[in-house]
Amino acid sequence: MSLNNRIVSIVDDDPGITMFFHEALRTIPGITIFTFTDPVLALEHFEMYGYAYVLVISDYKMPGLNGMEFLRKIKDQNRFVRTILMTAFTIDDNIFQQHTKKRIINGFLQKPIGLHDLVKEVNTQLDSYELQKKYPS
C-alpha cells in the first residue's frame, strides 16, 4: 500500500472540531484525512475503505452511536487500525478499562485538546500502526 493511501478519520458531531483537527493534522505527510460529524456515515465509509485506514479519532458523546461503541465496530472490521477516543466528559472507568484492555481504544485525549498534544498522539498511533503491521502479536 502506498503511504499516500493511509486514511485517518476524525469523527465528532461538532463540525468546528473536525475542521480544526483537520487543519492541524494535514501537515503530517503520507495520510489522507476524512472528517465526519455523523458516526454512522463514518462507519459506512470505513466499511468501504477499511483496508486503507490507519487511524480513527472519535469523540465519545455523539448522537446515534457513542464513541466507544463506534470504535468497537471499527475494530471488529479491522483489528490493525489504531483508535483514539476523545471527550470533555467523565467516562465510566470500568467500560473504558475493558475497551482499553481489549485494544479497542489505543489512545485517549481529554478535551480541550492542545494541537501539540493531538499531533503528538496521532504520530504515536501512526508509528504503532506501522510496528504492529510489521510484528503482529
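Just so you know, all these numbers are worked out from the coordinates, no wet-lab data involved. This structure is a prediction, so every number in the text was calculated from the model and none was measured. Neighbour counts run over all protein chains shown; Cβ positions are idealised from the backbone, glycine included.
Taking other residues whose beta carbon is less than 13 angstrom from the beta carbon of LEU65, and scoring Lys, Arg as +1 and Asp, Glu as -1, yields -3.
Loop only by DSSP, 16 or fewer other Cβ within 10 Å of the Cβ. Give me the trypsin sites (Lys or Arg not before Pro) in the range 49-137 that pass, ordered by residue number. Listed in order of number, the matching sites are LYS61, ARG79, LYS102, ARG103.
Using only C-alpha atoms and all pairs of different ones, pull out the Kirkwood radius for the range 30-137 in Å with one decimal.
So the Kirkwood estimate lands at 14.2 Å.
When the Gaussian network model of the chain links Cα atoms closer than 10 Å, the mean-square fluctuations of THR37, THR27, THR100 top out at THR27.
Exposure proxy for LEU43, LEU115: other Cβ atoms within 10 Å of each Cβ, ordered fewest to most, give LEU115, LEU43. The GNM of the chain, with springs linking C-alpha atoms under 10 angstrom apart, assigns the highest mean-square fluctuation among ALA42, ALA52, ALA88 to ALA88.
In this simple spin-label approximation, LYS73 and LEU115 carry label points 7 Å from Cα along the Cα→Cβ vector, and these lie 3.2 nm apart. Arranged by the count of other C-beta atoms within 10 angstrom, fewest first, what order do SER128, SER9 take? Ranked by crowding around the Cβ, least crowded first: SER128, SER9. GNM remark for the chain: springs join alpha carbons under 10 Å apart, and the peak mean-square fluctuation among ASP12, ASP93, ASP127 falls on ASP93.
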